[in-house]
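Working notes, structure below.
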Amino acid sequence: MQRVRLFEEATIALFHAGELPAMVHLSIGQEAAVVGACLATETSDYMTGNHRSHGHPIAKGANLDGLMAELLGKAGGVCGGKGGSMHLADFSVGSLGESGIVGSAIPVATGAALAAQVRRSGQVSLCFFGDGAASEGVLHESMNMASIWRLPVIYFCENNGYAVSVTSAESLSVPDVAMRAAGYSMPGVVVDGQDVLAVFRATTEAVRRARAGEGPSLVEAKTYRFHEHAYGLVVPQPYRDQQVVDSWFDTVDPITLFHDKLVGWGVLTADELRSLHEEVKSEVDASVEFARRSPFPPPEAAYTDLYSEVTA
Ligand SMILES: Cc1ncc(C[n+]2csc(CCOP(=O)(O)OP(=O)(O)O)c2C)c(N)n1
Ligand SMILES: [Mg+2]
């Protein structure tokens, strides 16, 4: 969770320094949902994200250097600098990719689950999406097919309460996205998205089910987006009380909540947590330096990676 948080805080600094070629969608506040879910999978399992997905490959184990260089559009980036913040993919950790088109990775994750089933590889596919995407047709078509074919997929909704400025109460026909699982004969559970262990437990059960051939599940983590929809974006109409949002850092910060638990249980001391923080900070700083040193891709690179190489 610290890796995700500090990586994203570094992107805020890069944005202000004018080094970031685009806006970034931050998952600050949502780290427990991101990390708790990924921890329930193996590195070899598949994962897809969305536009708010720096944390997903990080939690899946991706090296920070390649991710940071990708955000700066550099050749050393995990996609050669051609994808940027919203199109990270790192096959080495099962991260199949993300996209700025809301909902577009949902059928990709479903297809990956079908491939795993056909190959009997034992892999599962973890599919992240938001509350806004939960009302797109593509999720419903995917869940229907996954249920009929008992595909090993975990549909994981990070319900942060908003799709840009539209509240989930305004856009959802049901109080919980998880209720929609009933329409596709799969379990649907709501979990406290600020509690990393609760998310881990709920996702672990969904992963167990998927691996046992029992089919897909839907997990909904109720969480909070602490920053604006995209950092640097100004939404002309105020849609939430900034004082309330600011108070979330004191009341529902998943890192502070887990920190307090670990200290309370005597698992780690506050000093040990501070040095962990410093260790991660150095790792993130090193990734920024790596990204800065990496060159931009040459113009000819525009003509490569256009088609996949089909291997036997
Ligand atoms: C198909 C599509 N429709 C609309 C948009 C514009 N858009 C970008 S992010 C977003 C909101 C997505 O909300 P949600 O799924 O809840 O994810 P969150 O941003 O809250 O993480 C919208 C409408 C888009 N990029 N793609
Ligand atoms: Mg949302």
Can you pick out the pairs among 82/222; 82/281; 60/82; 222/281 whose Cα atoms lie more than 24 Å from each other? 82/222; 82/281; 222/281
What is the chain by shape, rounded, prolate or oblate, if you read a ≥ b ≥ c off the alpha carbon gyration tensor as root eigenvalues and call it rounded for a/c under 1.5, prolate for a/b larger than b/c, and oblate otherwise? rounded
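Fully extended, how many nm does the chain gain between residue 304 and residue 120 (0.36 nm per residue separation, minus their Cα-Cα distance)? Could you put the intermediate results ahead of the total?
Details: separation 184, 0.36 × 184 = 66.24 nm, distance 3.25 nm.
Roughly 63.0 nm would be gained on extension.
Go ahead and estimate [θ] at 222 nm for the chain from helices alone: -39,500 (n - 2.57) per DSSP H run with n ≥ 4, summed, over the residue count, rounded to 500.
Values: 11 runs with 129 residues, N = 312.
-13000 deg cm²/dmol, from helical runs alone.
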3J(HN,Hα) from dihedral phi, the stretch 225-230, Karplus parametrisation 6.51/-1.76/1.60, rounded to Hz, x for glycine, proline: 9, 6, 9, 5, 3, 10
Chymotrypsin sites (Phe, Trp or Tyr not before Pro), restricted to the stretch 238-293: which are DSSP loop and have at most 15 other Cβ atoms within 10 Å? 239, 265
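Per residue, how much accessible area does the stretch 2-300 show when a 1.4 Å probe rolls over the protein heavy atoms, in square angstrom? Spell out each step's value before the answer.
Values: 12810 Å² over 299 residues.
Normalised by residue count, the accessible surface of the stretch 2-300 is 43 Å².
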Stretchable slack from residue 296 to residue 311, in nm (0.36 nm times residue separation minus alpha-carbon distance): 2.5 nm
Taking amide hydrogens as modeled 1.01 Å from N in the peptide plane, which residues meet the under 5 Å criterion relative to residue 231, leaving out close sequence neighbours? 24, 25, 26
Of 225, 150, 293, ordered by accessible area with the largest first and a 1.4 Å probe, the sequence is 293, 150, 225
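DSSP loop (so not H, G, I, E, B), at most 16 other Cβ within 10 Å: list which chymotrypsin sites (Phe, Trp or Tyr not before Pro) in the stretch 110-212 pass both filters. Don't skip to the end; give the middle numbers.
On the way: sites: 128, 129, 149, 155, 156, 162, 184, 200; in loops: 149.
Within the stretch 110-212, the qualifying chymotrypsin sites (Phe, Trp or Tyr not before Pro) (loop, at most 16 other Cβ atoms within 10 Å) are 149.
Could you check what % of the DSSP bridge pairs in the stretch 2-300 are antiparallel, to the nearest 5? Could the numbers behind the result be given before it?
Details: 4 of 26 bridges.
So the antiparallel bridges in the stretch 2-300 amount to around 15 percent.
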Counting only residues 5 or more apart in sequence or on a different chain, those whose built amide H sits under 5 Å from that of residue 75 are 296
Find, among the trypsin sites (Lys or Arg not before Pro) in the stretch 74-136, those assigned to loop by DSSP (not H, G, I, E, B) with at most 12 other beta-carbon atoms within 10 angstrom. 120
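On the protein heavy atoms, probe 1.4 angstrom, tell me the percent of accessible surface of the chain carried by carbon and sulfur. Walk me through the intermediate numbers first.
Working: 8260 of 14260 Å².
Carbon with sulfur: 58 percent of the solvent-accessible area.
How big is the charge dipole of the chain about its Cα centre, in debye rounded to the nearest 20, if each Lys and Arg gets +1 on its Cβ and each Asp and Glu gets -1 on its Cβ?
In debye, rounded to 20, the chain gives about 840.
For the chain, what is the relative contact order in percent, using Cα pairs closer than 8 Å and at least 6 residues apart in sequence? Numbers along the way, then the final one.
Details: 613 pairs, mean separation 72.0, N = 312.
Worked out over the chain, it gives 23 percent.
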Nearest 0.05, what FRET efficiency do residue 208 and residue 144 give at R0 = 22 Å with Cβ-Cβ as r? 0.45
Quote the FRET efficiency, to the nearest 0.05, computed for residue 165 versus residue 270 with a Förster distance R0 of 30 Å and r equal to the Cβ-Cβ distance. 0.20
Based on alpha-carbon centroids, what's the gap between the stretch 130-155 and the stretch 60-129 in Å, whole number please? 18 Å
Quote the FRET efficiency, to the nearest 0.05, computed for residue 82 versus residue 278 with a Förster distance R0 of 25 Å and r equal to the Cβ-Cβ distance. 0.15
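The values are calculated or read from the model by the stated rules, or taken from the named source; none is laboratory data. No experiment lies behind these values; they were computed from the predicted model shown. Quick reminder, even Gly has a Cβ in these numbers, built from the backbone with ideal geometry, and neighbours come from all protein chains shown. The protein model used for the area step is the full one, side chains on, heavy atoms only, and it has no ligands, DNA or RNA in it. Shrake-Rupley method; radii C 1.70, N 1.55, O 1.52, S 1.80 Å.
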